[in-house]
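The values are calculated or read from the model by the stated rules, or taken from the named source; none is laboratory data. Because the structure is predicted, anything quoted here is derived from the model rather than measured. Note: ideal-geometry Cβ built from the backbone for every residue, glycine included; neighbour counts use all protein chains shown. These area figures cover heavy atoms from the full protein model, side chains too; ligands, DNA and RNA do not enter into them. Shrake-Rupley method; radii C 1.70, N 1.55, O 1.52, S 1.80 Å.
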Amino acid sequence: MYKILITGGAGFIGSHTCLVLLEAGHSLVVLDNYANSSPEALRRVMQLAGPGAEGRLQVIEGDIRRSADLERAFAAGASTGAGLDAVIHFAGLKAVGESVAEPLRYWDVNVSGSQHLLAAMAAHGCRTLVFSSSATLYGYPETVPIPESAPIQPINPYGYTKAAVEQMLRDVAASEPGWRIASLRYFNPVGAHPSGRIGEDPNGIPNNLFPFISQVAVGRREQVQVFGGDWPTTDGSGVRDYIHVMDLAEGHLAALKALLSGGDQLLQLNLGSGQGHSVLEVIEAFARACGHAIPYVITQRRSGDAAITVADPTEAKQQLGWQTRRNLDDMCKDGWHWQHANPNGYTSVRTSY
Ligand code: NAD
Ligand code: UFG
């Protein structure tokens, strides 16, 4: 069993991954500044993981850009014998529109934060890393499904920060032997743990389709705006590759296993299902899950959107022996379960860990 540092472990994807890793028997140190999350998420992760996980989750409130906070995390990892075996790096900012308005903050947290983390890893002799990259790297894709060999051509500051970190990782891997690195390019993560206890809890008005639909379904918002009904797709609405957050969490476990059981590696892998669903299909599927219609209106296209973004997931299957197992109905059922049980997310229960 391994000891793993999870940056951003209280967030949406991080919390689900923590649960999967605890259930697999690993010990975790989470470093999170709660910029976009609640300590309540990790409290619930511990409840879900059960008594067998007791003592295997240490939580440190801190910032990846602060060396002192990173030192505390590495010290926590070394407190029970040998140090950390690996890092999964989720911490970062992820809102495309915000990145256009505040590019320096995005370069600071995403790029400078990653640089600080890598320096701390090198100093502590921990050279195994799984990094949260994004399909946003591909910009307007030229071929769909998109293979990893597709050109990296981001179209917004958020995408540029992910491309910059991927480049930093290639440079670090080439600089000295010993690095084992996986950049995982997520497509559209949605849904929640089937218990409905943990899920996605965006601040303010959701930018993304799935949490917006969930909030309309639970009555927090009036109707979904469908951004464009004239895309070159079967029903005219945009098509994306939605991936259940539990499949994504399991993808991280598979990536860790592949890295820790091999020699020097630099993997760059799409994590998606290979299936595309249109906005109108997602609305319909969610209506089936919640048992009532979801009101929507078709509006203008959103600037910066592509018509169709779907992963070619072949490489991840070959390299990790991993593929998605859950379908759109599972994503909607579990997403609805979470939203229905927690209409205001974690907000009503923000407590310290
Ligand atoms: P999230 O915002 O829910 O989680 C990110 C976590 O990082 C939060 O808990 C936040 O508090 C923490 N954090 C932010 N800045 C920090 C800092 N300076 N120091 C320490 N902690 C900090 O986001 P998520 O959806 O779970 O995404 C996780 C990662 O995956 C991000 O890097 C994101 O860019 C990437 N990603 C997400 C998606 C998506 O659609 N959700 C798609 C592709 C890639
Ligand atoms: N959409 C709507 N109405 C909304 C929100 C979205 O119709 O209120 C449409 C979009 O036009 C698009 C689809 O729903 O066709 C999905 O949009 P999202 O905003 O949910 O997701 P994106 O594919 O635009 O982008 C997301 C993340 C990016 C990430 C990318 C790939 O926001 O950061 O997935 O992982 F890079």
Filter result (under 15 Å from His116 (Cβ atoms) and in contact with a strand residue (DSSP E or B) (Cβ under 9 Å, 6 or more places away or on another chain)) within region 61-89: Gly62, Asp63, Ile64, Asp69, Leu70, Arg72, Ala73, Phe74, Val87, His89
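Which is part of a loop (DSSP other than H, G, I, E, B), open to solvent by 10 Å² or more (accessible area, probe 1.4 Å) and modelled with pLDDT under 95, of Gly229, Gly274, Gly204?
Numbers: Gly229 fails: modelled with pLDDT under 95; Gly274 fails: modelled with pLDDT under 95.
Answer to the check: Gly204.
Report whether or not Val172 is in a helix (DSSP H, G or I), over 21 Å from His277 (Cβ atoms), more than 15 Å from ligand 1 (Cβ to nearest atom) and in contact with a strand residue (DSSP E or B) (Cβ under 8 Å, 6 or more places away or on another chain). First the steps, then the outcome.
Values: in a helix (DSSP H, G or I): yes; over 21 Å from His277 (Cβ atoms): yes; more than 15 Å from ligand 1 (Cβ to nearest atom): yes; in contact with a strand residue (DSSP E or B) (Cβ under 8 Å, 6 or more places away or on another chain): yes.
When the stated conditions are applied, Val172 passes them.
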Subset of region 221-248 [away from ligand 1 (no atom under 16 Å from the Cβ), closer than 22 Å to Pro206 by Cα and small (Gly, Ala, Ser)]: Gly228, Gly229, Ser237
Subset tally (residues that are in contact with a helix residue (DSSP H, G or I) (Cβ under 8 Å, 6 or more places away or on another chain), more than 8 Å from ligand 1 (Cβ to nearest atom) and in a loop (DSSP other than H, G, I, E, B)) for region 27-51: 1
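I'd like to verify a number: residues in region 52-96 that are in a loop (DSSP other than H, G, I, E, B) and either within 12 Å of ligand 1 (Cβ to nearest atom) or open to solvent by 40 Å² or more (accessible area, probe 1.4 Å) (or both), how many?
Just the residues of region 52-96 that are in a loop (DSSP other than H, G, I, E, B), to begin with: 54-56, 62-66, 79-85, 90-95.
Within this subset, residues satisfying the condition of being either within 12 Å of ligand 1 (Cβ to nearest atom) or open to solvent by 40 Å² or more (accessible area, probe 1.4 Å) (or both) are 54-56, 62-66, 79-82, 85, 90-95.
Result for region 52-96: 19.
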